1. Determine, yes or no, whether His38 is buried (at least 16 other Cβ atoms within 10 Å of the Cβ) and either assigned to a strand (DSSP E or B) or modelled with pLDDT of 90 or more (or both).
2. Of the conditions (1) assigned to a loop (DSSP other than H, G, I, E, B); (2) exposed (fewer than 12 other Cβ atoms within 10 Å of the Cβ); (3) charged (D, E, K, R), Asp22 satisfies every one except a single condition; which number is it?
3. Restricting to segment 44-61, give me the number of residues that are under 18 Å from Leu103 (Cα atoms) and either part of a loop (DSSP other than H, G, I, E, B) or out of contact with any strand residue (DSSP E or B) (no Cβ under 7 Å at 6 or more places or on another chain) (or both).
4. Among the residues of segment 66-85, count how many are over 22 Å from His38 (Cβ atoms) and of a type in the set (S, T, N, Q).
5. Are any residues in segment 3-43 under 17 Å from Val96 (Cβ atoms) and of a type in the set (A, V, I, L, M), and if so, which ones?
6. Would you check if Arg87 is free of Cβ contacts under 8 Å to residues at least 60 places away in the same chain and within 26 Å of Asp24 (Cβ to Cβ)?
7. Under 7 Å between Cβ atoms, at least 6 apart or on separate chains: pull out the pairs that start in segment 6-28 with a residue that is closer than 21 Å to Cys65 by Cα and end on any residue that is part of a loop (DSSP other than H, G, I, E, B) and among the charged types (D, E, K, R).
8. Can we say Asn29 is at pLDDT 80 or above, surrounded by 16 or more Cβ atoms within 10 Å (Cβ to Cβ) and among the polar types (S, T, N, Q)?
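The values are calculated or read from the model by the stated rules, or taken from the named source; none is laboratory data. All figures in this text were calculated on a predicted structure; none of them were measured in a lab. Cβ: placed from backbone, ideal geometry, glycine included. Neighbour counts: every protein chain shown.
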Amino acid sequence: MALLESLFNHLVLPPKLPGQQDTDIERINENILTRLIHACNTLRKLTGQEFADTWASISHSLRICLYLHQRRLEKRSIIHEFCNLQRNHVLILNIVEQNAALLVRRQVGYVSPAEKLPSSF
């Protein structure tokens with residue numbers, strides 16, 4: 001029951017905060033990611049073929065995130081995932097010290113800043 005309560009506190013801003021840091025934050029993060037992966041797989045089955053690739057891509061990105069964060073982020077594993085980053089996938093990095101997440105995706109083809117501007121400029 002304590003894990004479920006901790007999950008709730010991390011996913012929803014409850015009216016009364018726990019008042020202390022969770023002792024097993026890695027387990028909570030792993031459980032959240034596992035639940036999200038399961039939800040993506042369920043939605044892929046329910047929404048049909050039209051959205052199957054989208055849900056598969058999100059699920060894949062979450063699995064990579066789970067893999068990377070099961071231990072400390074290491075330079076070698078991050079570089080490996082950068083090199084293997086496929087189109088339509090996102091690399092999700094949790095930067096604990098900054099209380100932030102970094103989403104990285106591969107740009108397909110280069111578009112110069114001048115090409116992005118409308119011709120009226």
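1. Numbers: buried (at least 16 other Cβ atoms within 10 Å of the Cβ): no; either assigned to a strand (DSSP E or B) or modelled with pLDDT of 90 or more (or both): yes.
When the stated conditions are applied, His38 does not pass them.
2. Unmet for Asp22, out of (1) assigned to a loop (DSSP other than H, G, I, E, B); (2) exposed (fewer than 12 other Cβ atoms within 10 Å of the Cβ); (3) charged (D, E, K, R): (2).
3. Taking segment 44-61 first, the residues under 18 Å from Leu103 (Cα atoms) are 54-61.
From the residues that got through so far, the ones that are either part of a loop (DSSP other than H, G, I, E, B) or out of contact with any strand residue (DSSP E or B) (no Cβ under 7 Å at 6 or more places or on another chain) (or both) too are 54-60.
Counting residues in segment 44-61 that are under 18 Å from Leu103 (Cα atoms) and either part of a loop (DSSP other than H, G, I, E, B) or out of contact with any strand residue (DSSP E or B) (no Cβ under 7 Å at 6 or more places or on another chain) (or both) gives 7.
4. The qualifying residues number 2.
5. Ile25, Ile28, Ile32, Leu33
6. Numbers: free of Cβ contacts under 8 Å to residues at least 60 places away in the same chain: yes; within 26 Å of Asp24 (Cβ to Cβ): no.
No, not satisfied.
7. From residues that are closer than 21 Å to Cys65 by Cα, the pairs are Ser6/Asp22; Ile28/Asp22.
8. Working: at pLDDT 80 or above: yes; surrounded by 16 or more Cβ atoms within 10 Å (Cβ to Cβ): yes; among the polar types (S, T, N, Q): yes.
Judged against the criteria, Asn29 is a match.
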